[in-house]
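Trainee: The structure is given below, and queries will be raised subsequently.
The values are calculated or read from the model by the stated rules, or taken from the named source; none is laboratory data. These numbers were taken from a predicted model, which means no experiment stands behind them. In this analysis, Cβ positions are derived from the backbone assuming ideal geometry, glycine residues included, and neighbour counts consider all displayed protein chains. Side chains are part of the model used for accessible areas, which takes the heavy atoms of the whole protein and leaves out ligands, DNA and RNA. Shrake-Rupley method; radii C 1.70, N 1.55, O 1.52, S 1.80 Å.
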Amino acid sequence: MKHSRIDRISELSRKARTHGLSDAEKEEQRILRAEYLADFRSNLQSLLDNTYIREPDGTVHKLEKKRCPDQP
C-alpha cells in the first residue's frame with residue numbers, strides 16, 4: 001500500500017475523532033481500511049509461507065498451515 005493512502009487513512013481517522021465524517025468520507029475510510037487489511041494479511045501470509053523451523057537436533061522443516069476449528 002502506498003504511503004499516501006496510509007496518510008489518508010490517518011487523516012480520516014483524525015477528522016472522525018474531531019469533526020466527524022460525511023457519508024462519502026466514511027465509505028472512503030471503509031474502503032481504505034479494507035485495502036490496508038488485505039495487504040497486511042497478504043504480507044503476513046507470504047512471511048509465514050517462507051518460514052522454516054529449526055529443531056534442536058538440527059533438522060529443518062517448513063512451517064505447516066493449520067486450520068482453525070471454526071473454519072470448514
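Trainee: Report, in deg cm²/dmol and to the nearest 500, the calculated mean residue ellipticity at 222 nm for the chain, where each DSSP H run with n ≥ 4 adds -39500 (n - 2.57) and the sum is divided by the residue count.
Mentor: Helix-only estimate at 222 nm: -21000 deg cm²/dmol.
Trainee: Still on this model: Mind ranking 29-37, 61-69 by how tightly packed they are, going by the mean number of other C-beta atoms within 10 angstrom, highest first?
Mentor: Highest-to-lowest ranking by the protection proxy: 29-37, 61-69.
Trainee: Under 28 Å Cα-Cα from residue 2, which lysines qualify once same-chain neighbours fewer than 8 residues away are excluded?
Mentor: Partners found: 15, 26.
Trainee: Work through the residues other than residue 31 whose Cβ is under 12 Å from its Cβ and net out their charges, Lys, Arg +1 and Asp, Glu -1.
Mentor: So the surrounding residues net to +1.
Trainee: Given contacts defined as C-alpha pairs under 8 Å and at least six residues apart, what's the relative contact order of the chain, whole-number percent?
Mentor: 22 percent
Trainee: Further question: Only four residue types carry charge here, +1 at the Cβ of Lys and Arg and -1 at the Cβ of Asp and Glu. Report the dipole size of the chain about the Cα centre in Debye, rounded to the nearest 20.
Mentor: So the magnitude is around 140 debye.
Trainee: With every protein chain kept in place and ligands, DNA and RNA left out, what is the accessible area per residue of the chain? Probe 1.4 Å, answer in Å².
Mentor: 89 Å²
Trainee: What's the angle, to the nearest 10 degrees (0 to 90), between helix 23-49's Cα axis and the longest principal axis of the chain?
Mentor: 10 degrees
Trainee: How big, in percent, is the set of alpha carbon pairs in the chain lying more than 18 Å apart?
Mentor: Within the chain, distances greater than 18 Å cover 61 percent of Cα pairs.
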